[in-house]
Amino acid sequence: MNATAPAAASPLAAISARDRIVIVACILAIAALAWALLVRMGAGMAPMTMEGSDMSMDMPGTTSFMFLFGMWSVMMIGMMAGPATPMILLFAGAHATRQPGRLPAALILFGLGYAIVWIAFSAGAALTQWALHRGAMLSPEMTAATPWLAGAVLVAAGIYQLTPLKRTCLDHCRSPLGFLMTHWRGGALGALQMGMRHGVYCVGCCWALMLVLFAVGVMNLLWVAALMLFVLMEKVGPGGIVVSRIAGAAMVVAGIAVMVGVL
């Protein structure tokens, strides 16, 4: 059963400005480390793509899958750490009002639960990419090998942006205080469960956007950065819902244009 929900009035007031700075600094450090690793991975793969080699042929199956899994995991951590910051700060404030002195452990467990869900998504994305490579459906640059595949990915992602499920998940992500009041769990296990539940809503909101990378280039860091900024705008921007729907319609149009050869 749920524990009593935290009070709705300004949970952030329960933690000091210093604590807020420390939390944000830690999140920024994690994101920066992930991006540094991602850039290094991209630099290491550049010679392979320039030579036109097929990664799926250069490495044994298990090795290539583990590399892709690591790459996607690092990418998701780098992309989603920023958008998760408002929820983490509010969780810290709400937790501090209930169990003073136990904040660091609770925050770690909440963040771990959130990361577990995205790492699970990364495993699925890596398996999809590995299968597409094996089926010669991705180029050595890790983009869709045919305009039809690239266009289909964009159309599917755009349609999902317009669905009620997307709207439901986005509403939860845009209302962190409402999420905490509705889904509060006490104790260490509760913190982990809450982090995982928030991660599920976050994946439900963003999974189709992440698959757009199959159309534009999985390791195209400019597109990775652009998607990260778009997710941030969706989740914390004042017009996030409208932006999400406009982007969905634009992706459908762009996907059709790619399929018919206009783009």
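The values are calculated or read from the model by the stated rules, or taken from the named source; none is laboratory data. Just so you know, these numbers come straight off a predicted model, no measurement behind them. Please note: Cβ atoms are built from the backbone with ideal geometry, for glycine as well, and neighbour counts cover all protein chains shown. Please note that ligands, DNA and RNA were not included when accessible areas were found on the heavy atoms of the full protein model with its side chains. Shrake-Rupley method; radii C 1.70, N 1.55, O 1.52, S 1.80 Å.
Please calculate how many Å² of accessible area the chain carries per residue, with a 1.4 Å probe and no DNA, RNA or ligand atoms counted. Could you put the intermediate results ahead of the total?
Values: 12260 Å² over 263 residues.
I get 47 Å² per residue for the chain.
What are the DSSP H helices in the chain that stretch 18 Å or more along their long axis, judged by alpha-carbon atoms, and whose average Kyte-Doolittle hydropathy comes to at least -0.5?
Values: long enough: 17-50 (48 Å, 1.50); 61-98 (50 Å, 1.05); 103-134 (46 Å, 1.31); 147-161 (21 Å, 1.31); 187-211 (35 Å, 1.07); 221-236 (22 Å, 2.09); 240-260 (30 Å, 2.14).
Span-like helices here: 17-50, 61-98, 103-134, 147-161, 187-211, 221-236, 240-260.
Which peptide among 153-160, 250-257 comes first, and what is the full order, when sorted by highest mean count of other Cβ atoms within 10 Å?
Details: 153-160: 20.6, 250-257: 18.2.
The peptides rank, most packed first, as 153-160, 250-257.
Quick one: net charge of C205's neighbours, Cβ under 14 Å, K/R +1, D/E -1? Display every interim value, and only then the final one.
Numbers: positive: K166, R167, R174, R197, K235, R245; negative: D171, E234.
Charge balance in the 14 Å sphere: +4.
Give the long-range amide H neighbours of L263: residues separated by 5 or more places, or on another chain, with amide H under 5 Å away, using H modelled in the peptide plane at 1.01 Å from N.
Amide H neighbours of L263, under 5 Å, 5+ apart: V258.
Give the residues of segment 189-230 whose amide nitrogen is closer than 20 Å to a point set 7 Å from the Cα of V39 in the direction of its Cβ.
Once the point is set 7 Å along Cα→Cβ of V39, 218-230 turn out to lie under 20 Å by backbone N, inside segment 189-230.
Along Cα→Cβ, 7 Å out, is where each label goes; now give me the distance between the ones at T182 and L162 in nm to one decimal.
Placing both labels 7 Å beyond Cα along the Cβ direction yields 2.5 nm.
Given (1) 130, 43, 34; (2) 57, 37, 32; (3) 90, 49, 30 as candidate values of Cα extents along the principal axes in Å, which corresponds to the one derived from the coordinates?
Recomputing Cα extents along the principal axes in Å here gives the entry labelled (2).
Between V22 and L127, what is the spin-label point distance in nm, taking each point 7 Å from the Cα along the Cα→C-beta axis?
Once both label points are built, they end up 4.0 nm from each other.
If you place +1 on the Cβ of every Lys and Arg, -1 on the Cβ of every Asp and Glu, and leave all else neutral, what size is the dipole of the chain about its Cα centre, to the nearest 20 Debye?
900 debye
On the accessible surface of segment 70-180, probed at 1.4 Å, how many percent belong to carbon and sulfur atoms?
Of the solvent-accessible surface of segment 70-180, carbon and sulfur hold 73 percent.
Given the protein chains as shown and a 1.4 Å probe, how many square angstrom of T97 are accessible, to the nearest 10?
80 Å²
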